[in-house]
Amino acid sequence: MFPAQSRSRSMQNFLNSVSAWFSGLGRRLAGLLPDGAGIAGRIGAVVLALFVIVQLGLAWYWSREPAPFWVRWEESQQPAVRGFATTDTLIEVARTLLDKPGGYLSNDIGPPGVLLDNIPSWEFGVLVQVRDLARALRNDFSRSQTQSLEEPDLAAADPAFHFDSERWILPSTEKKYRDAIRALERYRDRLSNPADQDAQFFARADNLRDWLAIVEKRLGDLSQRLSASVGQRRVNTDLAGDPSASVATPRPGDIVVKTPWLELDNVFFEARGAAWALTHFLRAAEYDFGDVLDDKNAKVSLRQIIRELEAAQEPLMSPIILNGSGFAIFANHSLVMASYLSRANSAVIDLRELLGEG
């Protein structure tokens with residue numbers, strides 16, 4: 001038998017098996033109906049079964065996290081201008097947020113998107129990093145000093161990314177974010193145009209330190225929320241190190257912190273989304289700030305941060321987020337994730353200090 005005929009025969013057998021399975025399912029569902037249900041009732045049962053199966057299939061397909069992509073730092077096989085890699089990566093991350101399987105789910109009002117919460121949490125983690133980098137581009141990377149004019153395209157992209165992330169009615173969240181992406185594309189194209197000297201990207205150590213200061217706070221917040229999955233009694237260090245400091249509302253010396261049980265998976269996937277986005281942004285920064293990092297001998301430190309963030313995105317082998325306590329027999333996925341992000345946070349702090357040295 002020829003290979004083409006063999007494939008045709010295999011496909012026909014597969015289709016016959018699927019047809020037989022659905023026929024059997026229809027007969028079983030029809031058997032559950034009252035005797036007087038008739039043909040209409042049996043057809044309705046089959047349609048309902050098909051609807052449920054399709055929804056479950058879509059829910060599984062839409063719940064997969066996007067794979068990492070390659071950071072572009074070349075144009076026409078030549079090294080691109082400074083800022084191209086960072087801007088282009090920001091565009092691709094934002095585009096992935098909208099165009100991944102299922103699209104943008106955070107504002108869905110119909111099934112199965114409205115029933116999913118892990119990927120919307122992942123989306124929010126990515127979105128926070130997109131917003132932070134877009135604002136850093138607007139306020140720091142594209143400006144030489146505080147008295148310089150801001151870049152108009154970045155001034156349009158920044159507030160568009162800060163639009164309500166769950167709005168579905170016009171104007172929808174997707175429309176505003178696509179407007180922001182188009183503004184970033186205009187800035188990237190002008191940046192690559194030698195004839196346009198207004199669009200600039202200033203790869204300086206102080207600019208990189210300012211953005212990393214924001215990254216440091218985001219990672220610290222996520223690691224603390226992840227660590228609180230089992231509940232902790234923490235010492236109040238709000239005013240530590242400054243005897244003259246004060247606070248609006250005094251708090252006790254010991255504070256009990258615990259992430260609600262129903263929010264554990266949301267925090268976990270938000271952290272995975274943040275790690276996914278930051279991995280790409282830091283890879284882009286390695287190209288655009290290469291000279292600055294070489295001058296401080298800091299590329300190894302940056303790569304260590306990327307290594308920790310990559311480890312935080314290892315495939316999840318459990319169908320649920322386990323929340324074992326102490327040294328019990330069950331794992332605690334939140335604490336494992338907190339460990340990776342805490343090490344990344346410490347590495348970011350060390351990198352900032354290294355960049356601040358003369």
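Report, ordered by chain and residue number, the lysines lying within cross-link reach of Lys176, taken as a straight Cα distance under 18 Å and ignoring same-chain residues fewer than 8 apart.
Cα-Cα hits under 18 Å: Lys100.
Given H placed 1.01 Å from N in the peptide plane, which residues other than close sequence neighbours of Asn332 have an amide H under 5 Å from its amide H?
Gly324
Only the coordinates and a few stated rules stand behind these numbers; no lab work does. On a predicted model such as this, the values are computed, not experimentally measured, just so you know.
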